[in-house]
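Only one structure is covered here, and it is reproduced in the block below.
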Amino acid sequence: MPIDHDGWAAATPAEVGLDAATLSELDAFLRQWPKRNVHAVVIARRGKLVFERYFRGRERRWMDWSDEVQFSPTKKHDIRSISKSVTSLLVGTAVSEDRFPSLDSPVIDCFPEYADLRTRKNERITFRHLLTMSHGLRWDESRGWKSQANNERQLLEAVDPSRYVLEQRVASPPGTAFNYSGGATTLLAAAVAKAAGRSFDVYAKDRLFAPLGITDVEWLSFTGCAEVAAFAGLRLRPRDLAKLGQLMVDQGRWNGRQILPARRRVDDPAHERGRTRRAVLRIPLVAGALPAQRSRPDVDRRLRQWRPTSFRRSPARSRGRHQRVRSSQPDSDRDSQPARDACCD
């Protein structure tokens, strides 16, 4: 049942066209899955909460692993790079309020304090390039976490994160290639804070979280400074994360109130030319990049074994109507061992 003042309306599966037996099978499947490390499952349909289950597991705050804990409706969870998409939502909000610079304006123009870093190449990078991760900067988050060549680690530990990002060399013309980068999100958040005249997390609270009734929020700071790490530091309750999904489904509305502007697409030339291999989430006004998707054979095998009877169809009926759902959650979110190198995907 919903928590008081939570904002979610509850419904039975049948009331929203779901099969209760299928959900029961899902519940049983998750509970018998050895080493599943699934922490929470929340299902909403037609704007109503119909299913939620919570389990025990280990979690991280940056690279520090916790002991095993019991997750619950009231326990916040590390959401890692989903923070990037939330940042993009807030850029869209600032754009709709005519606070944010033109998406096609040079990023460096927004940061006169870094005029010494301006070059003929980086002045071609626009906010649209940051949003679509086609900035052209030399940036590598694939190295081991202990490597000094890992830009993500250097960013996390930077005393001045925005300066660190702008110091990077331009490796390719902006708009021609996709390159996943927490640095791009860092510059977007800094620009939002400048445009809004308040810290990024305060703007997020005022314009997104409070209107959604999300009150239990934590946004971790960079380890090298007190600035919130917009690219990965957000922690939310699973129910509240589901609210953001519902917000997207309802074109920016929550419980009848327009919270965000209606959906509009930001074109990604690199993506349209087939050069992008990572998912891009289309959101109001802007595009938020999601983390790299790596196949997990063990997860895929387990999911293929779960075939609720109500989902089974003859090949003829199924053809063209359903695609196999595959789990591609990154290892670093799934794996319960602290030896993993990745920080924020």
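The values are calculated or read from the model by the stated rules, or taken from the named source; none is laboratory data. Computed from a predicted structure; not experimentally measured. Note that we place each Cβ from the backbone using ideal geometry, even for glycine, and neighbour counts take in every protein chain shown.
See the values below:
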read-out: Residue list for region 176-197, restricted to those being surrounded by 24 or more Cβ atoms within 10 Å (Cβ to Cβ) and of a type in the set (Phe, Trp, Tyr); value: none
read-out: Filtered residue count, region 227-262, keeping only those that are in a loop (DSSP other than H, G, I, E, B) and either of a type in the set (Lys, Arg) or within 14 Å of the chain's Cα centre (by Cα) (or both); value: 6
read-out: Any pair with Cβ under 6 angstrom, 6 or more apart, that starts in region 134-148 at a residue that is assigned by TED's automatic domain parsing to the domain that holds Gly182 and under 13 Å from Ser172 (Cβ atoms) and ends at one that is basic (Lys, Arg) and surrounded by fewer than 15 Cβ atoms within 10 Å (Cβ to Cβ); value: Arg138/Arg169
read-out: Members of region 102-127 that are closer than 30 Å to Glu218 by Cβ and in contact with a strand residue (DSSP E or B) (Cβ under 9 Å, 6 or more places away or on another chain); value: Leu103, Val107, Phe127
read-out: Condition met for Asp98 (at positive phi and in the same structural domain as Lys146 (by TED's automatic domain parsing)); value: yes
read-out: Considering residues of region 116-139 that are among the hydrophobic types (A, V, I, L, M, F, W, C) and more than 17 Å from Ala94 (Cα to Cα) only, the residue surrounded by the most Cβ atoms within 10 Å (Cβ to Cβ); value: Met133
read-out: Listing of helices (runs of 4 or more DSSP H) fully contained in region 105-223 that carry 3 or more residues being within 30 Å of Asn255 (Cα to Cα); value: 182-196, 200-204
read-out: Where Ala289 falls short, out of the listed (1) at pLDDT 95 or above; (2) of a type outside the set (Phe, Trp, Tyr); (3) in contact with a strand residue (DSSP E or B) (Cβ under 7 Å, 6 or more places away or on another chain); value: (1)
read-out: Top-ranked residue of region 221-265 - restricted to ones that are surrounded by 15 or more Cβ atoms within 10 Å (Cβ to Cβ) and β-branched (Val, Ile, Thr), ranked as farthest from Ala94 (Cα to Cα); value: Val228
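Each row is one residue, and each column tells you yes or no for (1) under 23 Å from Ser221 (Cα atoms); (2) loosely packed, with under 15 Cβ neighbours inside 10 Å; (3) over 21 Å from the mean Cα position of the chain (by Cα).
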site: Gly17; (1), (2), (3): no, yes, yes
site: Ala44; (1), (2), (3): no, no, no
site: Asp64; (1), (2), (3): yes, yes, no
site: Thr87; (1), (2), (3): yes, no, no
